[in-house]
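A short worksheet on the structure shown next.
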Amino acid sequence: MRVLLTAGPTYEPLDPVRFLGNRSTGKMGYALAEAFAATGATVTLISGPTALPAPASPLISTVRVETAQQMYEAAAEAAPLADVWVFAAAVADYRPASVAPEKMKKEGDTLTLELVKNVDIATTLGQTKRAEQFSVGFALETTNELAHAQGKLLRKNFDLVVLNSLRDAGAGFGHDTNKVTVLDRAGQVLNFELQAKSELARTLVALIQTRFTAVYA
Ligand code: CTP
Ligand code: CA
């Protein structure tokens, strides 16, 4: 099995020393890469900026990128060759409309930034997905969680969507544990207990491999 995996945040530059980013650490995505490799799968790990070392497994090739656009270009190159796509990255939805060539100087009492929408990697690649390919997305919601996650499943042509819970202590950004609910296209809802991200990664990889094999083997 060949896997394309996006992970970590993206950084969108504002000037040579500043960027817009988010709190994703990449831990869940890197744990998924390790868990796939542990089953013998080869993984192209397309990673935004993180403090994590590139996984040592020879089955994992790590491609480091910074912006959403760079992540898209790397993912678009790997996508046609992969059996399974996993979009675990926290991609910035918008980027500054222009990047100042020099460091921006402190001037007025307020500063308004103009932002423009980034490419949606999962949606764009979802339109190219072949019948024998399998796509998994993540969603983080704070209101109408199941409905929003279901909407993303359809809009982004995912086979499974992993809904992250922010309500539970110890889950989400920066934690070593995570609590998720997985939705499929048949409307099935699978609830998982709070568990270590490494353990959850193994659970999700097993689920993805079972579903992939059931449909395409
Ligand atoms: N995603 C992506 N490219 C983007 C934004 C999101 O590939 N530019 C992927 C994420 O990696 C994730 C899924 O789409 O697998 C859902 O991301 P999310 O931020 O929850 O969805 P959005 O469509 O950006 O909606 P919103 O942030 O408004 O909830
Ligand atoms: Ca988003």
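What follows is calculated from the coordinates using simple rules that are stated; it is not laboratory data. Fair warning: this is a prediction, and the values are worked out from it, not measured in the lab. Here the Cβ is made from the backbone with ideal geometry for all residues, glycine too, and neighbour counts use every protein chain on show.
List of remarks:
- Packing, taken as the mean count of other beta carbons within 10 Å per residue, orders the peptides 25-38, 5-18 from highest to lowest as 25-38, 5-18.
- If a spin label sat at a point 7 angstrom from the Cα of L81 along the line to its beta carbon, the backbone N atoms of region 1-24 nearer than 19 Å would be those of 1-7.
- Applying a threshold of 21 Å to the alpha-carbon distances of K129/K179; K27/K103; K117/K152; K27/K117; K117/K156; K152/K179 flags K129/K179; K27/K103; K27/K117 as lying beyond it.
- Neighbourhood net charge (12 Å Cβ-Cβ; Lys/Arg +1, Asp/Glu -1) for P13: 0
- For E114, E199, E193, order by how many other beta-carbon atoms lie within 10 Å, fewest first: E114, E193, E199
- Note on the chain: antiparallel DSSP beta bridges, both residues inside, total approximately 40 percent of the bridges counted.
- The distance from the alpha carbon centre of region 187-217 to that of region 61-110 is 27 Å, rounded to a whole number.
- Environment charge of A201, counting only residues whose C-beta is closer than 10 Å and scoring Lys/Arg +1, Asp/Glu -1: +1
- DSSP bridge pairs, region 122-217: antiparallel proportion in percent, nearest 5: 65
- Residue-count net charge about A37 - beta-carbon cut-off 12 Å; Lys, Arg +1, Asp, Glu -1: +1
- HN-Hα J in Hz across region 123-128 - Karplus 6.51, -1.76, 1.60, θ = phi - 60°, x for Gly and Pro: 5, 5, 5, x, 6, 9
- Partners of K106 within straight-line reach, counting aspartates and glutamates whose Cα lies under 16 Å from its Cα and excluding those fewer than 8 residues away in the same chain: D15.
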